[in-house]
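What follows draws every value from the coordinates through simple rules; no lab data is involved. Quantities reported herein were computed from a predicted structural model and do not represent experimental measurements. Positions of Cβ are backbone-derived with ideal geometry, glycine not excepted, and every protein chain shown enters the neighbour counts.
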Amino acid sequence: MSGSPNLKASGFTEISTVKEYLVTATDGLIDLTAQGENSSVHLNGESVCMDTPGSSVKVINSDDGVDNSGGVDISASGAKALISLETPSAEKCSQINISPDGILLAYGLPTSPATIALTPNGLTLSVGLPVVGAMIEMKADSIVLKVGATQIALTDKGIVSKALKIESEVLEEISESVVGGVKRTVNPEGHFMVAALSELKVEVDGIKSNAPIISSKADAAYEITATLLKLNANALASLKGALTDHNQ
């Protein structure tokens, strides 16, 4: 102890100002306790540090003459190191866990909070109960969006979707194309498919097809019924069957 202050034995009611004050506990315990309704313990200085062999808390002030900035440094080392900040209650949980395995942020109902998990493999956001809740999983080579049994996976090789039922409503037009002259278009006028020289149009007034070769086959029966049926062929028209009824 250097420059020991004059401390009264009855309750430490008077402390003298000294240049330096050191306390060492030979048995390994220093206990600072403030009691009472308005009790408080203050540690003031340009820096305040608390250290253990595997962790430390530092409150630092940096004054460069222009900006007086403060900083708080909390660190923990070791394979099982953990820094946890939480405000638990019976209704809601709010928590941040930092460890060598990653960072976990959680908020919401204690049984099913919304979470953001950062791990060496990527980022996962989840809301709701496991299996049936919503989840977004991001990795270096993929993004997966999932709600219950419905899933959409985006990778560098393409998009894969899986669902019990798929419904879509488009106000103007859907247009899809594949290299090689294959295209599909859906708009208020109808459904149009094109593959090179072949075309199929499903319009409000009927179905129209145009192709170099049109072929259809039925193992048992093939029936066409129409008030007016017209078949035209520029070169050759052929109708074959085990039983063919062709009346003009």
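Stretched out fully, how many nm does the piece from A211 to I143 gain, at 0.36 nm a residue minus the Cα gap? Intermediate results must be reported in sequence, preceding the final value.
On the way: separation 68, 0.36 × 68 = 24.48 nm, distance 4.06 nm.
Net length gain for the segment: 20.4 nm.
Determine, from the Cβ-Cβ distance of K58 and V194 and an R0 of 51 Å, the FRET efficiency 1/(1 + (r/R0)^6), rounded to the nearest 0.05.
On the way: r = 69 Å, r/R0 = 1.35.
The pair K58/V194 has a calculated efficiency of 0.15.
Which aspartates and glutamates have a Cα lying under 18 Å from the Cα of K230, excluding residues fewer than 8 positions away in the same chain?
Within the straight-line limit of under 18 Å, K230 reaches these aspartates and glutamates: D205, D245.
Take the Cα coordinates of the range 120-230, assign each an equal point scatterer, and use the Debye formula without solvent to give log10 I(q)/I(0) at q = 0.10, 0.14, 0.24 Å⁻¹.
Log10 of I(q)/I(0), two decimals: -0.57, -0.86, -1.31.
Mind checking the log10 I(q)/I(0) for the range 113-185 at q = 0.12, 0.24 Å⁻¹? Debye, one equal scatterer per Cα, no solvent, two decimals.
Log-scaled intensity ratios, in q order: -0.48, -1.13.
Assuming a viscosity of 0.890 mPa s and a temperature of 25 °C, what translational diffusion coefficient in µm² per second does Stokes-Einstein assign to the chain, Rh being the Kirkwood radius over Cα pairs? Intermediate values should be presented prior to the final figure.
Details: Rh = 28.3 Å.
Translational D for this selection: 87 µm²/s.
What FRET efficiency do you get for I166 and C49 if R0 is 45 Å and r is their Cβ-Cβ distance, rounded to the nearest 0.05?
E(calc), rounded to 0.05, equals 0.15.
Quick one: what does P(r) look like for the range 169-239 with 5 Å bins over all Cα pairs, in whole %?
For the range 169-239, the pair-distance distribution reads 3, 11, 18, 20, 19, 13, 11, 4, 1.
Can you check what the net charge comes to around T150, using other residues whose Cβ is under 13 Å from the Cβ of T150 (Lys, Arg +1; Asp, Glu -1)?
Working: positive: K146, K162, K165; negative: E167.
Taking every other residue near T150 into account, the sum is +2.
Report relative contact order for the chain in percent, whole number only (criteria: Cα-Cα under 8 Å, sequence separation at least 6).
Values: 345 pairs, mean separation 11.7, N = 248.
Relative contact order of the chain: 5 percent.
Could you state, as a whole-number percent, how many of the C-alpha pairs of the range 34-157 are farther apart than 17 Å?
So the pairs more than 17 Å apart make up 72 percent of the total in the range 34-157.
Quickly work out the A34-to-S89 label distance, labels modelled 7 Å from Cα along the C-beta direction, and quote it in nm with one decimal.
If labels sit at S89 and A34, their model points lie 2.6 nm apart.
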